[in-house]
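Participant: Mind having a look at this structure? Questions to follow.
Computed from the coordinates by the stated procedures, all read-outs in this text should not be read as laboratory data. As the structure is a computational prediction, the values presented were derived from the model and not from experiment. Here the Cβ is made from the backbone with ideal geometry for all residues, glycine too, and neighbour counts use every protein chain on show.
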Amino acid sequence: MTLETEVQSLRQVPMFREVDPARLKLLAFTSERVHFADGQRFFDRGDAADAAYLILEGEAAVTLDGPQGPIRLALLGANALVGEMGILADQPRSATVTAVVATTALRIDRRVFLELLSQFPQIAIAVMRELAHRLEMTNQQLAQTRTG
Amino acid sequence: MGRRTMSGGARAAEGTADGMARDTDDRPAGGRDGDRAARREAIPARAGNDPEAGDASGGLDRSLFRYIWRHSKRDQILICAVVLASLPLYFASLDLPRRIVNEAIQGHAFEKGNETAKFLVLRLQMPDWFGHDLSLFDGFDVDRFELLFGLSSMFLLLVLINGAFKYWINVAKGALGERMLRRLRFQLFSLIMRFSPDALRHTKASEVATIIRDEVEPIGGFIGDAYILPAFLGTQAATAMTFILLQNVWLGLLAAGVVGVQFVVIPRLRRELLRLGRQRQLASRRLAGRVGEVVDGIAAVHSNGAEAWERAEIGHRLGGLFDLRLRIYRRKFMVKFLNNLLAQMTPFLFYCIGGYFALKGQLSIGQLVAVIAAYRDLPPPLKELIDWDQQRLDVQVKYEQVLQQFLPERLLGLDAPGRDESLCGRLAAEGVGVQEPHGPVLANVSLALPLPAIVGIVSDGGPAASTFARVLARRTVPTSGRVTLEGHDLSEWAGAALTRRIAFAGVDPILFPGSLRENIVYGLNRRPPDSAVTDAKALAEAHRTGNPVAPFPADWIDYAQAGVADAGELDALILDWLTRIGMGEEVYRFGLLGQVDPERHPDLAARLIEARIAFRERLAAEGHAHLVEPFDPARYNRQATVAENLLFGVPTTTALTGRALAEHPVVRLVLDRTGLADDLVTMGERIAATMLEIFRGLPSGHPLFEQFSFLSADELPEYEAILARRTATEASAERHGTSAFERLRRRWIGLGRYGSADATRLIALPLAYIEPRHRLGLIDDAFRERLVEARGELRITLDEAGLGGVDFYDPDRVCAAAPLRDNLLFGRINQSVADAVETVTATGTALVQEMRLAPDITRVGLDHQVGPEGRFLSGSQRAVVSLVRALVRRPDLLVLDGALSPMGENRARTVLELLLERFGRENSLVAVLPNDRVADRFALVLRAVGTQIHGPEAPPARQDDVPRQDAAARQDAAAGQDAAVREEAPAAGGALADGPEPGTDPDPEEARRAERDAFAAADAPGAGSSASGGVVPAGAGVAAPAAAVSRRADNETGPEPARVEQDVKA
């Protein structure tokens, strides 16, 4: 698996869909590929958010510790991006992410990511668009719950 | 003939006759002004009881020649004598060719029908004007052939003998000059050691360095000829002169008159030249000083953006230097012109006036011819003399300029023997005052302290507290009053004794390049080894040049003063202090990054091999074997760079380091032979293309370049051009084919596939490539296999070349060039596994603890180089080194003036606690305190108010208290202290107000207690505790975790290496 396949994966992420391939390659190149064993933590809730992860292979579970043990919020598969909100908002991790099978991920360092954002407006705009999109979704959901 | 014996032909041939030999001894070089003369008179008075300054003022100041004569008269006379002894033989060798031709070949000796002639009639063929030859031996009877061979052999013999003489004389003169130079330099350096504080304030380091290095250099070259040349040539010239006078008094007087004019006029003209010479010397010295200043303060230059200003300033100086030089040249060559004119005047007068007399019949033609012939003999020695004289003037100017820097009034007195008693008892200041140029700093301070004691001097923000501390430390000599101990003035103590008994640590630690250890034991280098230099020759030379005879390098450490028996114990003592102060862990880290010399640390080296194996086993047992890929001579290490895999060792020369590897001839040979060069070129192309693609558009100097790119921003265009050449070449090859002719044609038009320079540039790129990290998909198994083969071949070829340069990895041996950490790990961490570094680090830390390697590793850390002025250390570390340097000396009195402030708050507090605990019983501690915060911890407190020092006051709550007390009592004491301050404060004004000083924040008592507890725990013996956290035996891929200085307090809360490591990464 080389840089090229990682770029392909990055292109699957909505946030990066419209970013120039050369920039995605830079993002991939400046990121690290890391392997997690089954059950190994990506990060714990409350950790400092120092990186986002793009899952290349395998699956990871997003969980919160509840009174009756961990509550699984979501199961992430290939091409899922996780932890990106933390590095953008500069807030501690809001949930725990754990590999449920042997998983390979691309670790996108926070500092490098922000560096790229400040350097290439195109990426920044893509991120903003995605965030605005998510906000709108949330608003709609909120409206539905209010009306419903 | 035979007049130029001494010339050696090396002297610059300038000027024909610009002055005659003079008796130069004691004559002041021209151009002294009244001011200097006055100063010179003042000197002997001060120099009376000071041999070195006496040297400086008498021997050095009055005349270079006196200095030379004083220290080298024996050699000068010896060389002179040898020169004289060589002369008859030299003249004989000049005379022999004539005899060979005349007597043997032309047969003049056999003219009157003689069958035989006399051989070995020793005759000195004297110059024509001397008259008859001198016959010494009547000789043997020989025939013509025998005479020819005899004379020829004699000629050869004389040539050899003369050569031998010349050789000896030249060596002797050279050695003489160098000896004097060594003496002079050493003397100057010794004088620097004695510069008074006032002189030091005005001294620039780089200027003094220039003086000792450059300015005295020509003096050394001159000294060999200083006496011999004028003596010898002067005699010759005088002889010729006498001869002319004998022939005809009037013509003689005429010649003498012209020479006399030269004597009078030329020196006058030269006076200006000397003045300019002096100016030039000063200007170039200042240039050196200025350059030194700029380099020292380069950070300030950059941060203030003053580069342009500095450039203009230096440009201006250079312009001034050029101007001076030009004026010197104009003057010099004008003088030379006049000189030549005067010299040619004499023959003109001879022809003109002598001819007139001859025509008139008052002078015989024969006499006239003889006089003119004799005059022809005059110029060569004269010319030599003139050259010599010029050199003399030059050197003398330099010499005087040098001396100006070393006048006795700038020096402190020599250390005289005196008392050497321990500094215990009643220490009293009696009317002590210190006057600075801008006004009084201390005025009439009188107080008494019972030593040993723990004394704090609370500053009011002014300089008084510091100055008083410096007076106590004998760093500043009071301008009035005195400091006594038990009634004896401290100046009665020998200087050496005081410097041993008093230690001073100021706010600016002064470190020298060298290891931590060397810097710490610096103050113990006081005991010259008992044996003198063992090399008899070196010893004799040292004696002859007034240099020290104590051996160097050697062990100068006074172990007794530190209270230890040997170097091992001293190391332990140093580490103990460092650990207590809280720098043990940092030193341990230095050790991990340090190198283990198997020669010096054989035990550790052996144990490292053990540990290396244990490490692997342990990782395997924990199921983490896959986290580290060990170095295996037969396998490609995927986690290491291509270069590392190729060398399979650590380069010890720059020629094999980094990209230089691609240019190394042996490496290239092997790469070409194994065909790897082509692969690497292709890899290089792909790397360059990728880098060009993804880093285009980033501004140069962007941090991402530095961190990730194989290319720096500046190199992008260059590699772009290389790739463009490739594309063009390939396109051309496709169109025109690849015949030899086409290749030639392409080369002709500049499209050779790659110039070898291009290839080298490309090969340089993949050297740093690691497949799992960079993921460009460039390396396959076949490549790995071939690279491992090339590895073996490279090693053999390098060994054959005998160049060395690589310390190869060997599983059974310590690689001395690699950091200790790498030796322990002996492999590379697989960074693509999450948390690999943390896991491996934890295992390593546990192993180090289990095997008790920490003390040894920390000792290796003492070899850590501190860099120029200690710049490789942090400010806090420098301060610790400076303090420990004072502590290991076990001084009677330790004076701290801001020494703790660079350490940072926590450490400063730890150190203070430690010092308060250690001092006060046998040794005294005096510390300048920025304010009252910690004053309550001191048994006696002095207060600086303006130019006064008040006190001592002893806080009632603490009078007979040991430093450790419970928090409540301390709080009370603090409260009491505060009240006392309030009572007394008005005089001090607002200066006592809290400032942002280290170790003084209004921390809750709890934090203090925690700190103290932490400190108490640190008391546990051994440096082992320092290993409890944050061991980082990470692979080379991880940057040195310099930032990760985890606090001791953290460690005590429980070792949690993974956490620490995460801090490191953050």
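Participant: Would you please give the FRET efficiency between A:ASN139 and B:ASP714, computed as 1/(1 + (r/R0)^6) with r the Cβ-Cβ distance and R0 = 56 Å, to the nearest 0.05?
Facilitator: Efficiency at R0 = 56 Å is approximately 0.70.
Participant: So how do B:LYS537, B:LYS73 line up by other beta-carbon neighbours within 10 Å, fewest first?
Facilitator: So the ranking, lowest neighbour count to highest, is B:LYS537, B:LYS73.
Participant: I'd like the FRET efficiency for B:HIS702 and B:ILE613, computed as 1/(1 + (r/R0)^6) with the beta carbon distance as r and R0 of 41 Å, rounded to 0.05.
Facilitator: 0.40
Participant: What is the distance, in nm, between label points placed 7 Å from the Cα along the Cα-to-Cβ direction at B:ARG526 and at B:TYR356?
Facilitator: Output for this residue pair reads 8.3 nm.
Participant: On full extension of the chain, what length is gained from B:GLU569 through B:PHE189, given 0.36 nm per residue of separation minus the C-alpha to C-alpha distance?
Facilitator: Between B:GLU569 and B:PHE189, full extension yields an extra 133.4 nm.
Participant: With each pseudo-label sitting 7 Å past Cα toward Cβ, what's the A:ALA74-B:ALA538 distance in nm, one decimal?
Facilitator: Distance between label points: 7.5 nm.
Participant: Amide H to amide H, which residues 5 or more places from A:ASP47 or on other chains are under 5 Å from it, using H placed in the peptide plane?
Facilitator: A:ARG93
Participant: While we're on this one: Sort A:SER31, B:SER152, B:SER876 so the one with the fewest other Cβ atoms within 10 Å of its own Cβ comes first.
Facilitator: Placing the least packed residue first, the sequence is B:SER152, B:SER876, A:SER31.
Participant: Sorted by packing (mean other beta-carbon atoms within 10 Å per residue), highest first, where do B:785-798, B:218-231 land?
Facilitator: For the peptides B:785-798, B:218-231, the packing ranking is B:218-231, B:785-798.
Participant: Take B:ILE613, B:ILE694 and order them by how many other Cβ atoms sit within 10 Å, fewest up front.
Facilitator: Neighbour counts put them in this order, fewest first: B:ILE613, B:ILE694.
Participant: May I ask you to derive the relative contact order of segment B:632-808, considering only C-alpha pairs under 8 Å and at least 6 residues apart, and to give it as an integer percent?
Facilitator: 46 percent
Participant: I would also like to ask the following. Mind running the shape call on chain A? Use the C-alpha gyration tensor, a ≥ b ≥ c as the square roots of the eigenvalues: rounded below 1.5 for a/c, prolate if a/b tops b/c, oblate otherwise.
Facilitator: Judged from the Cα gyration tensor, chain A comes out oblate (a/c at least 1.5, b/c at or above a/b).
Participant: Starting from 0.36 nm per residue, how many nanometres of slack lie between B:ARG426 and B:ILE298 once their C-alpha separation is accounted for?
Facilitator: Extra length from B:ARG426 to B:ILE298 when fully extended: 41.3 nm.
Participant: Here's another thing I want to ask about it. Evaluate peptide A:23-30: per residue, the Cβ atoms of other protein chains within 10 Å of its Cβ; return the mean as an integer.
Facilitator: Mean number of neighbouring Cβ atoms from other chains: 5.
Participant: To the nearest 20 debye, what is the magnitude of the charge dipole of segment B:516-645 about its Cα centre, counting +1 on the Cβ of each Lys and Arg and -1 on the Cβ of each Asp and Glu?
Facilitator: Dipole about the Cα centre, nearest 20: 240 debye.
Participant: Where in segment B:566-603 are there GluC sites (Glu not before Pro) that are in a DSSP coil and have at most 10 other Cβ atoms within 10 angstrom of their Cβ?
Facilitator: Sparse-neighbourhood loop GluC sites (Glu not before Pro): B:GLU599.
Participant: Label A:GLU57 and B:TRP250 with points 7 Å out from Cα along Cα→Cβ: what is the distance between them in nm?
Facilitator: Calculated label separation equals 11.9 nm.
Participant: May I pose another question? When the label point is put 7 Å from the Cα of B:GLN367 along its Cα-to-beta-carbon vector, which residues of segment B:246-263 have a backbone N closer than 14 Å?
Facilitator: Under 14 Å, as judged by backbone N against the label point of B:GLN367, lie B:246-254 of segment B:246-263.
Participant: With runs of 4+ DSSP H residues as the only contributors, calculate the mean residue ellipticity of chain A at 222 nm using -39,500 (n - 2.57) per run, divided by the residue total and rounded to the nearest 500.
Facilitator: So the helix-based figure for chain A works out to -13000 deg cm²/dmol.
Participant: Here is a further query. Roughly speaking, what is the centre-to-centre gap between segment B:777-801 and segment A:4-58 when only Cα atoms are used, to the nearest Å?
Facilitator: 34 Å
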